[in-house]
1. First measure r as the distance between the Cβ atoms of residue 444 and residue 319, then evaluate 1/(1 + (r/R0)^6) with R0 = 60 Å and state the FRET efficiency to the nearest 0.05.
2. When only Cα pairs under 8 Å and 6 or more residues apart are kept, what is the percent relative contact order across the chain?
3. For the range 196-203, what does the Karplus curve 6.51 cos²θ - 1.76 cosθ + 1.60, with θ = phi - 60°, yield as ³J(HN,Hα) per residue in whole Hz, taken in order and with x for Gly and Pro?
4. For an R0 of 60 angstrom, estimate the FRET efficiency from the Cβ-Cβ distance between residue 420 and residue 65 and round to the nearest 0.05.
5. Measuring from label point to label point, each 7 Å out along Cα→Cβ, what is the residue 338 to residue 28 span in nm?
6. I want to make sure I understand the PRE zone here: with the label point 7 angstrom from the Cα of residue 468 toward its beta carbon, which residues in the range 248-271 have backbone N atoms less than 16 Å away?
7. How do 166, 408 line up, fewest other C-beta atoms within 10 Å first?
8. What ranking do 400, 364 get, fewest neighbouring Cβ atoms within 10 angstrom at the top?
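No value in this document is a laboratory result; all are computed from the given coordinates. Every value quoted in this text rests on a predicted model; they were computed, and no experiment measured them. Here the Cβ positions follow ideal geometry from the backbone for every residue, glycine too, while neighbour counts run over all protein chains shown.
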Amino acid sequence: MLDGSTQAFPELTESQLSRIRAVSKLRKVVPGEILFQPDDTNIPFFVLLSGAMEILQKGLSGEQQITTHGPGHFTGEITMISGQRCLVLGRVTEAGEFLETTNVALRALVARDAELSDILMRAFILRRLLLISHGMGNVVLMGSRHCANTLRVREFLSRNAHPFTYIDLDTDTAAQDFLDRFNVKLTDVPVVVCNGRTVLRNPTTQQLADCLGYGANVDSTLVRDVIIVGAGPSGLAAAVYAASEGLDAVVIETESPGGQAGSSSKIENYLGFPTGVSGQELTNRALTQAQKFGAKMMIGHGVVQLDCSKRPFEIVLDNDHRIPGRAIVISTGAQYNKPKIGNLQDFEGRGVYYGATYIESQLCENQDVVVVGGANSAGQAAVFLSQSARKVHLLVRRNCLAETMSRYLIQRITENPGIDLHKNTEITGLEGDGRLQRVTWVDKSTGEESTHEIGHVFVMTGASPRTDWLQGCVALDNKGFILTGRDLDGRDTAPAAKWPLTRAPQMLETSLPGVFAVGDVRSGNVKRVASAVGEGAIAIHLVHRALAEI
Ligand SMILES: Cc1cc2nc3c(=O)[nH]c(=O)nc-3n(C[C@H](O)[C@H](O)[C@H](O)COP(=O)(O)OP(=O)(O)OC[C@H]3O[C@@H](n4cnc5c(N)ncnc54)[C@H](O)[C@@H]3O)c2cc1C
């Protein structure tokens, strides 16, 4: 059971209670009454004036008590703000009187009452962290550390800060026997049990997101002021500013919020974080902030088309649903470039990774690893992995790092005995049976080829824009990045670059008035978290102007 005496479970004062009472109704409760349960959405917020209740988790082995609440205590965690499906069950244990506040009234209250906002937000975040650290959630994941899909699902849950219980089939023979009895094949792994009810065999990200109810609170029939496509730093910043300035905003993210930055183990050059911040932490904070202001999130579904033939525009999702929006912010960033190695795909998630987070670092503890790339992301990964790996081999195609990597990182790499820097070097072969076991690389300056018993390769070789879904709606440069503002003067090879209005395009506006592009997807971007965040904020200022024109 969670410790009820921490800041996660504060007792409200009389004055705080009276402010909540003003926006709530009084409800008499009796023992055994269930106030909310897993899968419910937009559940009310309860404050106990008298009586008591328990919070329970429903698992495979029955109910488990998470905590109890008494007078002065309140219910809720992050889903209370996000409107997503509830993770736990709340049952009255002692008769009394509770204040019941709707989800909408609670959001309005925290938006104007700074003191209550601090207390509730802190409690909700701490409760989610406690659920995660105690593995208490509404998801059980049964998988293997040698399985790429298990890694994908674990990353999806972790990057969405979703608490789950992990059962390792490599060490838990009873669990493996259990699955055998149900004829679960190797290709069915991982097995996910959602809400103690739905069993998913090797689910796609979309199936998992639907089962967890991500996006269940988004009404796709409403015309939104602004639709933000992509929840990396630029999209999340746009969401925070849009929602806090009163716009009805929906964010659509195909994988997990955070984008590229979310896969960074430590961002050291973002303003205000002198000791650095992990991409995951920055993302979680931004996500909570956006949801606090009322931005709606749809996670796990990708946008496959922008229907720009009419106004309002329509965003078409991978499940064929359409969401209309008066303005669009494109923040789909970039995706990893892959070196040309014939069988690279065979080892993805089985020894080849495109991000170096805590999860991957655990997989290669005390082993040799290879990091490929000469830019900052590769440098950061090398320094981070050197803390847990036996030896990091940093393979760089060029002869020097100075043009592509920050000086502080170059210094850390050269002074770190745990990192061997191999310049002019490229991977020529990967081998292994089921998972990566050997890596061959060539030193191009000498032509010398060598094979090493290494099972982990981190590919950090830059990224290309994610603009394939735009299909001619907006002008692109010759590398596929979106042209905006002054760049729309026709210098670049851009078929749709013709600007249709008499006024000039705004700074981050694309060739389609009312559609903006921000962050790494934009032609001329500077590949920094700070600039992506700044552009997200500016874009919303410009969206207001565009909406005033309609
Ligand atoms: C490992 C690593 C470390 C880094 N470290 C630093 C650092 O220390 N400092 C720094 O300043 N910068 C750093 N960067 C760069 C920084 O992360 C990027 O510049 C920044 O993330 C760009 O933000 P963005 O929002 O424009 O795009 P992205 O971060 O690329 O996010 C785009 C989002 O859009 C989603 N998306 C794409 N297509 C669709 C679609 N069709 N439908 C719905 N969603 C879609 C993606 O899933 C993704 O979540 C690092 C990058 C990496 C990879």
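1. Details: r = 47 Å, r/R0 = 0.78.
For R0 = 60 Å, the calculated efficiency reads 0.80.
2. Values: 1245 pairs, mean separation 62.1, N = 550.
Value for the chain: 11 percent.
3. For the range 196-203, the Karplus curve yields x, 9, 7, 9, 10, 9, 6, x Hz.
4. Working: r = 52 Å, r/R0 = 0.86.
E(calc), rounded to 0.05, equals 0.70.
5. 6.5
6. Residues passing the 16 Å test: 254-255.
7. Values: 166 17, 408 13.
Final ranking by Cβ density, sparse to dense: 408, 166.
8. Numbers: 400 12, 364 22.
Fewest-to-most ranking of 400, 364: 400, 364.
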